[in-house]
Amino acid sequence: MMNRRDSVGVKVGEIQIGGNAPVIVQSMTNTDTADVEGTVRQVMDLAKAGSELVRITVNNEESAQAIPRIREELDKKGCSAPLIGDFHFNGHKLLDKYPDCAEALAKYRINPGNVGRGSKRDPQFAQMIEFACRYEKPVRIGVNWGSLDQSVLARLLDENARLSEPKPLSDVMREAVITSALESAERAVLLGLPKNRIVLSCKMSGVQELIAVYRALAERCDYALHLGLTEAGMGSKGIVASTAALAVLLQQGIGDTIRISLTPEPGADRTHEVIVAQEILQTMGIRSFTPMVISCPGCGRTTSDYFQKLAQQIQSHLRHKMPEWRKKYSGVEDMHVAVMGCVVNGPGESKNANIGISLPGTGEQPVAPVFEDGVKTVTLKGDHIAEEFQELVERYVIS
Ligand code: SF4
């Protein structure tokens, strides 16, 4: 296992970020927060998919009023996922006017670029910290490249211009992002917020910039770090860019909680970003969430899409069952299930998995040997191979 960077642990409700806790998966709703029913439904979906913390936009009075009702509904339905309020511009006013909202949230996200530490905005930042102290909540000081505190950037540009050998503009900009986070954290501590209630993030939209900024940030502080490539984009581009950036940092032990910010396809299931986050952590061997399905890409030896369908069916079934299985059967999330297209690599991969099946390829006997713990236990044939294999997987789990 890789060594994790030492960081100060921060409790968000019952979940700990940093301080040697497992890397936490989080996500964010995209409903109108004032729509209590819709937001509760989405928080529950995200939590069920594995989001351990859920962030919610709190951008106006209606959303601030909705927060305690959302919390209450979630509690009634048995969903304990801590809620994080995402505040920009007017968070200080909303927390002041709606104490029930301040209380119901488990953490506040503050963006110093628009709540502000610039001279005019410093009182607003101070007010947000004061609320965090009063209600004993942690905060994330979340710097975002797209809304960087312009007063910090202007100051660093000015200092750079006075150097005999000014640094490249890109270096100054990265430094401005880091400085905004570190100076804001320093100010929060001076205002009375303990270090174990501060998480930092410096989100960038470029992979190399994100890696460079987090490496420097990780060296210069021991705050717990929230990782995420902001505005990662749509579809495979968003997944690849997020994975490329986060994998490099996680491999170096940097990162205590992650969020994958994918632009959803219209109407797409919001839980996709949670699954991607889990898969990054699981494929890197950092955490396990769901049994991993190993399947081959298929080739000319597979004459139909039968095996792809079976692989997909097994993966969906395992995900669906995990909330129940996790409570009953310890270690089930570490399982490997192989669904292979033919005898070329099928038996080998199936033997290495906990349970695996090698489906018949072109010209092979219409039979599918099943292996459990490296030993062939049964050969399936006929029209119900998929159903029978799913039953065998279930039996393996509960045995
Ligand atoms: Fe093709 Fe068989 Fe290899 Fe799958 S296991 S990719 S079907 S040769």
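The values are calculated or read from the model by the stated rules, or taken from the named source; none is laboratory data. These numbers were taken from a predicted model, which means no experiment stands behind them. Virtual Cβ from ideal backbone geometry, glycine too; neighbours counted across all protein chains shown. Just so you know, the surface numbers come from the protein's heavy atoms only, side chains and all, with ligands and any DNA or RNA stripped out. Shrake-Rupley method; radii C 1.70, N 1.55, O 1.52, S 1.80 Å.
Values for this structure:
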{"read-out": "Residue list for the range 312-331, filter: free of Cβ contacts under 8 Å to residues at least 40 places away in the same chain and among the hydroxyl-bearing types (Ser, Thr, Tyr)", "value": "Ser316, Ser330"}
{"read-out": "Matching residues, the range 6-25, being buried (at least 17 other Cβ atoms within 10 Å of the Cβ) and outside any strand (DSSP E or B)", "value": "Ser7, Val8, Gly13, Gly18, Ala21, Val23"}
{"read-out": "Considering residues of the range 344-367 that are away from the ligand (no atom under 13 Å from the Cβ) and either open to solvent by less than 70 Å² (accessible area, probe 1.4 Å) or part of a strand (DSSP E or B) (or both) only, the residue nearest to Tyr306 (Cα to Cα)", "value": "Val367"}
{"read-out": "Selection status of Val293, assigned to a strand (DSSP E or B) and either within 16 Å of the ligand (Cβ to nearest atom) or open to solvent by less than 70 Å² (accessible area, probe 1.4 Å) (or both)", "value": "yes"}
{"read-out": "Candidate set from the range 152-179 (those that are modelled with pLDDT of 95 or more and small (Gly, Ala, Ser)); member that is least open to solvent (accessible area, probe 1.4 Å)", "value": "Ala176"}
{"read-out": "Residue identified as in contact with a helix residue (DSSP H, G or I) (Cβ under 9 Å, 6 or more places away or on another chain), closer than 30 Å to Leu250 by Cα, open to solvent by 30 Å² or more (accessible area, probe 1.4 Å) and aliphatic (A, V, I, L, M) among Met44, Met28", "value": "Met44"}
{"read-out": "Filter result for Ile286 (more than 16 Å from Tyr396 (Cβ to Cβ) and surrounded by 13 or more Cβ atoms within 10 Å (Cβ to Cβ))", "value": "yes"}
{"read-out": "Residue identified as open to solvent by less than 30 Å² (accessible area, probe 1.4 Å), closer than 20 Å to Asp6 by Cα and free of Cβ contacts under 8 Å to residues at least 60 places away in the same chain among Gly253, Gly228", "value": "Gly228"}
{"read-out": "Flag if Gly91 is of a type in the set (Gly, Ala, Ser) and crowded, with 23+ Cβ neighbours inside 10 Å", "value": "yes"}
{"read-out": "Gly356 vs. criteria in contact with a strand residue (DSSP E or B) (Cβ under 9 Å, 6 or more places away or on another chain) and closer than 19 Å to Ile294 by Cβ", "value": "yes"}
{"read-out": "Among (1) within 16 Å of the ligand (Cβ to nearest atom); (2) touching a strand residue (DSSP E or B) at 6+ places or on another chain (Cβ under 7 Å); (3) assigned to a helix (DSSP H, G or I) - the single one Glu388 does not satisfy", "value": "(1)"}
{"read-out": "Leading residue by the ranking (farthest from the ligand (Cβ to nearest atom)) among those in the range 296-307 that are buried (at least 17 other Cβ atoms within 10 Å of the Cβ) and of a type outside the set (Ser, Thr, Tyr)", "value": "Phe307"}
{"read-out": "Restricting the range 241-283 to residues that are among the acidic types (Asp, Glu) and outside any helix (DSSP H, G or I), the residue that is farthest from the chain's Cα centre (by Cα)", "value": "Glu265"}
{"read-out": "Top-ranked residue in the range 262-283 [being free of Cβ contacts under 8 Å to residues at least 40 places away in the same chain and among the hydroxyl-bearing types (Ser, Thr, Tyr); ranked as surrounded by the most Cβ atoms within 10 Å (Cβ to Cβ)]", "value": "Thr263"}
{"read-out": "Tally, over the range 65-79, of residues that are open to solvent by 10 Å² or more (accessible area, probe 1.4 Å) and out of contact with any Asp or Glu (no Cβ under 7 Å at 6 or more places or on another chain)", "value": "10"}
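This table checks each residue for (1) open to solvent by less than 70 Å² (accessible area, probe 1.4 Å); (2) over 30 Å from Ile286 (Cα atoms); (3) in a strand (DSSP E or B); (4) in contact (Cβ under 8 Å) with a residue 12 or more places away in the chain.
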| position | (1), (2), (3), (4) |
| --- | --- |
| Leu310 | yes, no, no, yes |
| Glu333 | yes, no, no, yes |
| Cys342 | yes, yes, no, yes |
| Pro369 | yes, yes, yes, yes |
| Thr379 | yes, yes, yes, yes |
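Matching residues to (1) under 29 Å from Ala47 (Cβ atoms); (2) away from the ligand (no atom under 16 Å from the Cβ); (3) at pLDDT 95 or above:
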site	(1), (2), (3)
Arg319	yes, yes, no
Arg326	yes, yes, no
Cys342	no, no, no
Pro369	no, no, yes
